[in-house]
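Novice: One structure is given below, represented as structure tokens, and several questions about it will come after.
The values are calculated or read from the model by the stated rules, or taken from the named source; none is laboratory data. Here the structure is a predicted model, which is why all the values come from computation and not from measurement. For neighbour counting, all protein chains shown are included, and Cβ atoms are generated from backbone atoms with ideal geometry for every residue, glycine included. Note: accessible area is taken over every heavy atom of the protein model, side chains too, but ligands, DNA and RNA are not part of it. Shrake-Rupley method; radii C 1.70, N 1.55, O 1.52, S 1.80 Å.
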Amino acid sequence: MIHNERFIEGYTIHATDGELGKVDAFLFDDEKWVVRYLVVDTRKWLFGRKVLISPISIQDIHHEEEHISVDLTKEQVKDSPDIDTEQPVSREQEAKVNMFFDWGSYWGEPGIWGSGVYPAELAQQEAMEMAEEEGPESHVRKTSEVIGYEVADRDSGPAGEVDNFLIDDETWKIRYVLIRFTDGEEERIVPVEAERITGISWPDKKVHASIERSALPNAPTYNPEKPFDDDFKRKVHDAFAGTGTMSQPDKE
């Protein structure tokens, strides 16, 4: 199901032998547009240390109870590599933590999780024997870095700003980017399919989208209290159809 990442922040993470902490942030891949890691604040248990948890380890998500169960022990997490989650994560750091937890390496394959689409599919594959310095450059950054970035339309004109992201909690793919813009005197938030995002200019703090600014007023307003069902998705798609090209979906 699709959920606003803002509402998943703060969920409690439960290991097989007790509570690990709470979801503090998300690290996403700005090429595949998928959440690679949840940043977990361990609070007093590990003196406020923040650790990375891959969706590969998630067993269940209980949205009503606001907690996530993972198939890890507290001892495993305690002994895991210490990563500075306030900085972009390098491929060397990714390889180190992935090898420690035996998560395998998602890069170098066409799917969003190795050759597949679900995190569990990567977990079922044999872990790649890869030296820590090998592999292409990492593209993992915090989603919170992008919130507030200006959105540039297909003509590089201003189309609003990034408000948040909508995540598929089975594949952990970012399905939609929420764009905040002013429609006359009214401020609105509308979802745009992530496939319409053509790139992020980190130095300029700008997200480039294959849309036209004039199409935004015709898009349905996002309301977290209302269901994000197939009819709503169709309306979102139709609002931007013909205003720009969409990137090819990743192999699923």
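Novice: Please enumerate the residues belonging to region 174-205 that are at positive phi and of a type in the set (Lys, Arg).
Specialist: 205
Novice: Say whether the condition of being open to solvent by 10 Å² or more (accessible area, probe 1.4 Å), of a type in the set (D, E, K, R), out of contact with any helix residue (DSSP H, G or I) (no Cβ under 8 Å at 6 or more places or on another chain) and at pLDDT 95 or above is met by at least one residue in region 172-184.
Specialist: So far as region 172-184 goes, yes, one or more of its residues are open to solvent by 10 Å² or more (accessible area, probe 1.4 Å), of a type in the set (D, E, K, R), out of contact with any helix residue (DSSP H, G or I) (no Cβ under 8 Å at 6 or more places or on another chain) and at pLDDT 95 or above.
Novice: Still on this structure, I have one more. Count, please, the residues in region 186-226 that happen to be of a type in the set (A, V, I, L, M, F, W, C) and more than 20 Å from the chain's Cα centre (by Cα).
Specialist: 4
Novice: Also: Counting only residues that are of a type in the set (Asp, Glu) and either part of a loop (DSSP other than H, G, I, E, B) or open to solvent by less than 80 Å² (accessible area, probe 1.4 Å) (or both), which one in region 79-102 is nearest to residue 145 (Cα to Cα)?
Specialist: Going through the qualifying residues, I end up with 86.
Novice: Sort out which residues of region 1-57 are of a type outside the set (Ser, Thr, Tyr), outside any strand (DSSP E or B) and open to solvent by less than 40 Å² (accessible area, probe 1.4 Å), and write them in order of number.
Specialist: 5, 8, 10, 30, 33, 46, 48, 55, 56 - these are the residues of region 1-57 that are of a type outside the set (Ser, Thr, Tyr), outside any strand (DSSP E or B) and open to solvent by less than 40 Å² (accessible area, probe 1.4 Å).
Novice: From the residues in region 103-114 that are of a type outside the set (A, V, I, L, M) and touching a residue at least 40 places away in the same chain (Cβ under 8 Å), which one is surrounded by the fewest Cβ atoms within 10 Å (Cβ to Cβ)?
Specialist: Within region 103-114, the match that is surrounded by the fewest Cβ atoms within 10 Å (Cβ to Cβ) is 110.
Novice: Could I ask something else about it? For residue 161, state whether it is at pLDDT 95 or above, touching a helix residue (DSSP H, G or I) at 6+ places or on another chain (Cβ under 8 Å), closer than 30 Å to residue 68 by Cβ and of a type in the set (Asp, Glu).
Specialist: no
Novice: Quick test of your reading of the structure: residue 232 fulfils all but one of (1) at pLDDT 95 or above; (2) crowded, with 19+ Cβ neighbours inside 10 Å. Name the failing condition by number.
Specialist: (2) is the only condition that residue 232 fails.
Novice: Can you find a residue that is touching a Phe, Trp or Tyr at 6+ places or on another chain (Cβ under 6 Å) and under 12 Å from residue 143 (Cβ atoms) anywhere in region 60-67?
Specialist: Among the residues of region 60-67, not one is touching a Phe, Trp or Tyr at 6+ places or on another chain (Cβ under 6 Å) and under 12 Å from residue 143 (Cβ atoms), which makes the answer no.
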